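The values are calculated or read from the model by the stated rules, or taken from the named source; none is laboratory data. Note that the structure is predicted; figures quoted are calculated from it, not measured. Here the Cβ positions follow ideal geometry from the backbone for every residue, glycine too, while neighbour counts run over all protein chains shown. Quick note on the areas: whole protein, heavy atoms, side chains included, nothing else; ligands and nucleic acids left out. Shrake-Rupley method; radii C 1.70, N 1.55, O 1.52, S 1.80 Å.
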Amino acid sequence: MDRRGQQLKLAAVAVCVVLALTGFSTSKGHGRSHSGGGGGGCSSSGQDHDSSSSTSGSTSSGSSGSTYHDYGDDDYSDDTYGDGGSSGTSTAQKDATVELIDCATPSEAYATVEVTNPNATGGYFTVTVDFLDAGSRRVEQRSAEEYVAANDTSTVQVDLSAPGVAARVDTCDPEPYAPAR
């Protein structure tokens, strides 16, 4: 082989090495292949592309007729997987507010409260009420869990452990906020 042939062969190998190192493949790529041809395209998802260079359905450079879509990092925002980025919506619900309607009496061994859900979705909330005696000492602390529809208010009954306990209750003191479950 003459010197010029060796130089061309060395140049071809160098081009293949450079293309391989930059993520360019001479295979069909990782997208859809349309009629004929070998393909080619960028197969590295870690490369930095602007939005015009890797849109779905665009023909890759060359005459292969192959199309591909680079599913690189630039195609998904940080919130695609719900990791709490600033542009996504948070799934955590705000606490509901609680207001006392009626306290327990000797004939009714429960407190009645209103629970208001400030969220755009319904959810379960845990309501806690302290039942206090005349000296403001805790007789019992009881909780109830209730589903409240989105942006709605529900009336919740928080029962004492036994009807006889109600005779010792003077006042009811609900926690002002009910955490979402």
Across region 110-127, the tally of residues that are in contact with a strand residue (DSSP E or B) (Cβ under 9 Å, 6 or more places away or on another chain), without any contact (Cβ under 8 Å) to a residue 40 or more places away in the chain and not in a strand (DSSP E or B) stands at 3
Subset tally (residues that are assigned to a loop (DSSP other than H, G, I, E, B), open to solvent by 80 Å² or more (accessible area, probe 1.4 Å) and not basic (K, R)) for region 130-143 | 2
Scan region 144-174 for residues that are within 14 Å of A104 (Cβ to Cβ), in a strand (DSSP E or B) and open to solvent by less than 70 Å² (accessible area, probe 1.4 Å) and jot them down.
-> A144, V156, V158, T171, C172, P174
Between residues in region 128-152 that are without any contact (Cβ under 8 Å) to a residue 40 or more places away in the chain and within 17 Å of D102 (Cβ to Cβ) and residues that are open to solvent by 30 Å² or more (accessible area, probe 1.4 Å) and small (G, A, S), which pairs lie under 8 Å by C-beta distance while being six or more apart or on different chains?
-> E140/S161; R142/S161
Could you please find all residues in region 89-129 being surrounded by fewer than 17 Cβ atoms within 10 Å (Cβ to Cβ) and in contact with a Cys (Cβ under 7 Å, 6 or more places away or on another chain)?
-> L100
